[in-house]
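K.L.:
The structure under discussion is supplied below as structure tokens; questions concerning it will follow.
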Ligand code: TUI
């Protein structure tokens, strides 16, 4: 079985993380992934701090294994969510959509592991100096808020720029993707879209089905004019958003239009009017199964790929 420094650092069996998805990274999913030997994350998204506390307590009731909370730094509740993470002494904190640098000492003082998500070498370098434990390096293939660089190009550039363990994210949906990430110098992978299609995920069944039926070009990125581009499955909502942007809508108008749309899509299952954030690997996903089986299958497939490359004398894996 693939073991890397990520397993030792986070006290987990397999170096497979679940992305902390807003609305979907609940106690059900996070505990299932952690129980399956990976690292599950509660996705704080724009949720109030007390919702996050409840999810932390529910996760603890379901698993004694390590888990994390992903703090979305654009959230109006980010400060209060961080307070809850500190009070509850969650084992791991991840962050998205911003620079968590000033918070790092507070987490470290309480023995909380810090693994921010970055989409650039510059932020990776800054956060290494701030004392984080590891980095999730996320490419533009991912769902939700995206950077500008592909995983294939970004991961090796960050690997060459910092001395921290790296978890690759964006565009990884199976064991071939995991093997590729390890070949680029990452020591682990984070998957979001693949875990939407797992039995324990609270996503609406119609949303899961839409992912199963998706093709390679099913997603689009909107929101460049807001400064916060977002990848989602193309639908009426993304077409309306794009039309508003083209017509020169104000950021405040776009934000007002977007409010509540993620829940409408992924929880209520309104496939036309809701936002269906998902990554480019949507077209790769063909079944729904328990998180434990997804993790085992990905790791076993990655091992088979790496063995095959060794047989061919082609392996460049630095695990
Ligand atoms: O954060 C994510 N993915 C997300 S957050 C989210 S909720 C949301 N909804 C609407 C609009 C925006 C967000 C849905 N999906 N991934 C991690 C990630 N972080 N990707 C890119 C970044 C990032 C981008 C710029 C991190 C830092 C950054 O710059 C910070 C700085 O100060 O340099």
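K.L.:
Restricting to region 128-138, name every residue that is closer than 21 Å to residue 15 by Cα, more than 9 Å from the ligand (Cβ to nearest atom) and either under 13 Å from the mean Cα position of the chain (by Cα) or in a helix (DSSP H, G or I) (or both).
P.N.:
Once the filter is applied, which keeps residues that are closer than 21 Å to residue 15 by Cα, more than 9 Å from the ligand (Cβ to nearest atom) and either under 13 Å from the mean Cα position of the chain (by Cα) or in a helix (DSSP H, G or I) (or both), region 128-138 yields 128, 135, 137.
K.L.:
For region 206-235, which residues satisfy the criterion of being in a helix (DSSP H, G or I) and within 19 Å of residue 21 (Cα to Cα)?
P.N.:
Answer for region 206-235, where residues must be in a helix (DSSP H, G or I) and within 19 Å of residue 21 (Cα to Cα): 206, 207, 208, 209, 210, 211, 212.
K.L.:
Would you mind telling me which numbered condition in (1) over 28 Å from residue 274 (Cα atoms); (2) free of Cβ contacts under 8 Å to residues at least 12 places away in the same chain residue 209 fails?
P.N.:
Residue 209 satisfies all of (1) over 28 Å from residue 274 (Cα atoms); (2) free of Cβ contacts under 8 Å to residues at least 12 places away in the same chain except (1).
K.L.:
From 189, 155, 167, which residue is in contact (Cβ under 8 Å) with a residue 12 or more places away in the chain, within 16 Å of the ligand (Cβ to nearest atom), within 16 Å of the chain's Cα centre (by Cα) and in a helix (DSSP H, G or I)? Spell out the reasoning first.
P.N.:
Numbers: 189 fails: in a helix (DSSP H, G or I); 167 fails: in a helix (DSSP H, G or I).
Checking each option against the conditions leaves just 155.
K.L.:
Something else now. Among the numbered conditions (1) buried (at least 17 other Cβ atoms within 10 Å of the Cβ); (2) within 18 Å of residue 46 (Cβ to Cβ), tell me where residue 294 comes up short.
P.N.:
Condition not satisfied by residue 294: (2).
K.L.:
Does region 89-109 hold any residues that are away from the ligand (no atom under 13 Å from the Cβ), surrounded by fewer than 17 Cβ atoms within 10 Å (Cβ to Cβ) and assigned to a helix (DSSP H, G or I), and which are they?
P.N.:
105, 106, 108, 109
K.L.:
Would you mind listing the strands (runs of 3 or more DSSP E) fully within region 1-75 where at least 1 residues are touching a residue at least 60 places away in the same chain (Cβ under 8 Å), within 18 Å of residue 165 (Cβ to Cβ) and within 15 Å of the ligand (Cβ to nearest atom)?
P.N.:
Because the criterion is at least 1 residues that are touching a residue at least 60 places away in the same chain (Cβ under 8 Å), within 18 Å of residue 165 (Cβ to Cβ) and within 15 Å of the ligand (Cβ to nearest atom), the strands (runs of 3 or more DSSP E) in region 1-75 that meet it are 16-18.
K.L.:
Filter region 263-307 down to the residues that are within 16 Å of the ligand (Cβ to nearest atom), within 21 Å of residue 171 (Cβ to Cβ) and outside any loop (DSSP other than H, G, I, E, B), then identify the one that is farthest from the chain's Cα centre (by Cα).
P.N.:
So the residue we want is 266.
K.L.:
Which numbered condition in (1) over 22 Å from residue 310 (Cβ atoms); (2) within 12 Å of the chain's Cα centre (by Cα); (3) crowded, with 24+ Cβ neighbours inside 10 Å is the only one that residue 145 fails?
P.N.:
Among (1) over 22 Å from residue 310 (Cβ atoms); (2) within 12 Å of the chain's Cα centre (by Cα); (3) crowded, with 24+ Cβ neighbours inside 10 Å, the lone unmet condition for residue 145 is (3).
K.L.:
Could you list, in sequence order, all residues of region 142-152 that are in contact with a strand residue (DSSP E or B) (Cβ under 9 Å, 6 or more places away or on another chain) and away from the ligand (no atom under 11 Å from the Cβ)?
P.N.:
Within region 142-152, just 151 meets the criteria.
K.L.:
Something else about it: Residue 93 fails exactly one of the following numbered conditions: (1) in contact with a strand residue (DSSP E or B) (Cβ under 6 Å, 6 or more places away or on another chain); (2) within 14 Å of residue 295 (Cβ to Cβ). What is the number of that condition?
P.N.:
For residue 93, the failing item is (2).
K.L.:
Between a residue in region 217-230 that is more than 20 Å from residue 74 (Cβ to Cβ) and in contact (Cβ under 8 Å) with a residue 60 or more places away in the chain and any residue that is outside any strand (DSSP E or B) and within 13 Å of the ligand (Cβ to nearest atom), which pairs come within a Cβ distance under 8 Å, given they are 6 or more apart or on different chains?
P.N.:
218/278; 219/143; 219/278; 219/279
A short reminder: the numbers here are calculations on the coordinates, not readings from a lab. Just so it is clear, the structure is predicted and the values come from calculations on it, not from any experiment. Cβ sites come from the backbone with ideal geometry, for glycine too, and all protein chains shown count toward neighbours.
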